[in-house]
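One structure is given below, encoded as structure tokens.
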Amino acid sequence: MALLIRNGEIVNTGSRLQADIFVENETITRIGKDLEAPANTEIVDAAGQMVFPGFIDPHVHIYLPFMATFAKDTHETASIAALIGGTTTYIEMCCPNRNDDALDGYQLWKSKADGKSACDYAFHMSVTKFVKETESQLQQIVADGTASFKIFLAYKNFFGVDDGEMYQTLELAKRLGVIVTAHCENAELVARLQQKLLAEGKTGPEWHEPSRPESVEAEGTGRFATFLENTGATGYVVHLSCEKALQAALGAKSRGVKISIESVLPHFLLDKTYAERPGVEGMKHVMSPPLRAKHNQAALWNALGAGSIDTVGTDHCPFDTEQKLLGKDSFVNIPNGIPGIEDRVNLLYTHGVKRGRLDLHRFVDAASTRAAKLFGLFPRKGTIAVGSDADLVVYDTAYRGAASAKSQHTNNDYNGFEGMEIEGRPSLVTVRGKIQVRDGKFVGERGRGKLLKREPSHF
Ligand code: URP
Ligand code: ZN
Ligand code: ZN
């Protein structure tokens with residue numbers, strides 16, 4: 001059935017107009033005033049509401065064996081949570097570890113999502129070692145439409161690569177035209193500092209941040225940038241958390257290194273005092289890079305507003321209270337991660353746009369358009385335009401609520417942003433023209449989501 005969304009205020013990264021949107025066969029076919037509605041068209045009145053392009057979360061973990069356990073969501077739960085929060089596409093980190101075969105891992109991650117996700121999705125393929133079959137395996141994965149890689153400079157002996165492997169990955173990525181996303185922390189320093197702190201009897205979650213200080217992230221960020229500079233590859237720093245790392249990335253950008261920057265919701269809104277809360281309350285706020293001293297948030301908001309932080313993701317990675325307690329005797333065993341897929345758009349709109357930190361168009365850019373452009377999805381995704389997929393978010397700016405575990409759909413028993421105000425939420429969300437969410441409720445088709453094939457574009 002065709003769909004006509006009438007009279008909304010259409011907000012793209014570069015434009016704003018009040019008009020109707022007509023959708024047929026999954027695609028936006030007309031935008032204009034007073035469009036005719038053929039018989040058998042569903043009509044949605046969006047007067048007084050904004051209409052955004054479907055939001056894209058460029059960094060999520062759904063299936064993730066990590067730190068002696070598994071992240072809690074499935075594609076069913078994560079995609080419904082994503083959609084209720086206005087995210088219509090996510091890019092999951094495919095993360096086989098160093099002992100796994102890369103191709104087997106890729107197939108496994110695909111099988112976990114196949115037919116299960118209610119929204120569209122893609123993968124960043126993690127390169128967690130570089131052995132003789134790696135090059136041909138990665139070529140096959142890129143040919144299959146997964147045109148972005150992930151490397152971890154952290155997590156020694158598990159996901160982490162050494163400098164030689166980073167070099168080989170970047171050199172191959174340059175040849176294949178693939179962007180490489182990177183978790184930038186110095187693995188050796190983290191391991192040494194963890195041991196030192198534990199030897200001093202410092203075992204609680206409040207010691208997680210001191211074991212991975214800002215300088216350790218800045219070093220990783222700077223080193224990644226230096227390797228990009230010397231291979232000519234294109235890179236993307238994930239979940240950047242602090243001003244020191246930001247300076248390292250921006251310094252590289254200003255000397256022409258092809259580097260983009262993502263920060264994630266927790267680093268804008270939460271600070272290290274959350275992880276210093278006693279016991280499991282602190283553990284719930286352990287992620288890497290860690291939550292930082294509060295002064296860093298102003299630097300991140302400013303850089304986001306200016307567009308030098310390119311994207312805002314979540315690093316959605318849900319572990320419940322019981323799993324967090326795996327680290328009750330030692331902070332090094334606390335599963336790292338904070339969920340956020342459901343709250344990203346509403347919290348960014350509220351604490352960014354509504355609080356005057358973020359221009360409305362930059363909000364759309366950072367939460368949708370820029371990721372689509374960097375990761376080979378534009379203009380299919382990331383914009384409201386004739387010919388684009390009809391992923392649309394009709395946004396009710398009059399809604400008032402709060403982030404809470406009580407109302408969330410992600411599979412977890414806590415919400416890291418518990419109680420934070422939300423001023424606005426999607427009243428309607430479509431995925432390729434099909435209404436999936438109405439007023440906070442999933443009303444759509446489970447398993448509708450497609451794996452998005454992407455072409456390399458970073459030569
Ligand atoms: O703490 C985090 N970030 N957990 C997920 C794994 C990663 O490093 O992205
Ligand atoms: Zn990471
Ligand atoms: Zn991550």
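Derivation of every value follows stated rules applied to the coordinates shown; laboratory data play no part. Because the structure is a prediction, the values reported are computed rather than measured. All Cβ positions, glycine included, derive from the backbone under ideal geometry; neighbour counts span all protein chains shown.
Summarised in one figure, the compactness ratio Rg/Rh of the range 126-225, Cα atoms and Kirkwood Rh, is 1.08. Determine the alpha carbon to alpha carbon distance for each of Lys202/Lys272; Lys373/Lys450; Lys112/Lys441 and list only those over 21 Å. From Lys202/Lys272; Lys373/Lys450; Lys112/Lys441, over 21 Å: Lys112/Lys441. Principal-axis analysis of the Cα atoms of the chain puts helix 134-143 at an angle of about 10° to the longest axis. Placing +1 on each Lys and Arg Cβ and -1 on each Asp and Glu Cβ, with no other charges, gives the range 16-156 a dipole about its Cα centre of roughly 720 debye. Cβ-Cβ distance of Asp359 and Asp101, R₀ of 45 Å, FRET efficiency by 1/(1 + (r/R0)^6): the value works out to about 0.50.
Structural size metrics of the range 250-333, computed from C-alpha coordinates, are Rg and Dmax of 15.3, 46 Å. Sorting 219-229, 295-305 by average packing, meaning the other beta carbons within 10 Å per residue, from highest down gives 219-229, 295-305. The three principal axes of the Cα atoms in the range 1-99 give end-to-end lengths of 58, 31, 21 Å, sorted in falling order. So how tilted is helix 102-113 from the main axis of the chain? Cα-based, degrees 0 to 90, rounded to 10. With both axes taken from Cα atoms, the answer is about 40 degrees. Given R0 = 41 Å, the distance between the Cβ atoms of Lys441 and Lys132 translates into a calculated FRET efficiency of 0.20. Sorted from longest to shortest, the spans of the Cα atoms of the range 182-296 along the three principal axes equal 45, 30, 18 Å.
Computed over the range 329-402, the percent of Cα pairs more than 19 Å apart is 51. Let me know the Kirkwood hydrodynamic radius for the range 402-455, please, with Cα pairs as the basis and the value in Å to one decimal. About 13.3 Å, per the Kirkwood formula over Cα pairs. Remark on the range 319-459: hydrodynamic radius 17.3 angstrom, per the Kirkwood mean of 1/r across alpha carbon pairs.
Each DSSP beta bridge with both residues in the range 1-49 is either parallel or antiparallel, and the antiparallel ones are about 70%. Highest mean packing first, where packing is the average number of other Cβ atoms within 10 Å per residue, the peptides 45-56, 201-212, 442-453 line up as 45-56, 201-212, 442-453.
The peptide list 338-348, 132-142, put in order of mean Cβ contacts within 10 Å with the highest first, becomes 338-348, 132-142.
Under the convention that each Lys and Arg Cβ holds +1 and each Asp and Glu Cβ holds -1, the size of the dipole of the range 183-236 around its Cα centre is about 160 debye.
Since only Gly356, Thr29, Ile384 are under comparison, the one whose Cα sits farthest along the positive direction of the charge dipole of the chain, derived from C-beta charges on Lys, Arg, Asp and Glu, is Gly356. Output the 0 to 90 degree angle, nearest 10, between the alpha-carbon long axis of helix 243-254 and the longest principal axis computed from the alpha carbons of the chain. With both axes taken from Cα atoms, the answer is about 70 degrees. Charge dipole of the range 262-379 (Cα centre as origin; +1 on each Lys and Arg Cβ, -1 on each Asp and Glu Cβ, all else neutral): 340 debye, rounded to the nearest 20.
Relative to the current alpha-carbon distance between Asp45 and Ser111, full extension at 0.36 nm per residue lengthens the span by 19.9 nm. Fully extending the segment from Lys406 to Arg30 would add 131.4 nm, taking 0.36 nm per residue of separation and subtracting the current Cα-Cα distance. Each of Gly401, Val443, Phe375 was placed along the dipole of the range 323-459 (beta-carbon charges, centred on the mean Cα), and the one lying farthest toward the positive end is Phe375. Hydrodynamic analysis of the range 68-170 uses the Kirkwood radius over alpha carbon pairs. Inserted into Stokes-Einstein at 10 °C and 1.306 mPa s, it gives a translational diffusion coefficient of 109 µm²/s. The average projected area of the chain, computed from the convex hull of its Cα atoms over all directions, is 19.4 nm².
Beta bridges from DSSP with both residues in the chain: antiparallel share about 45 percent, rounded to the nearest 5.
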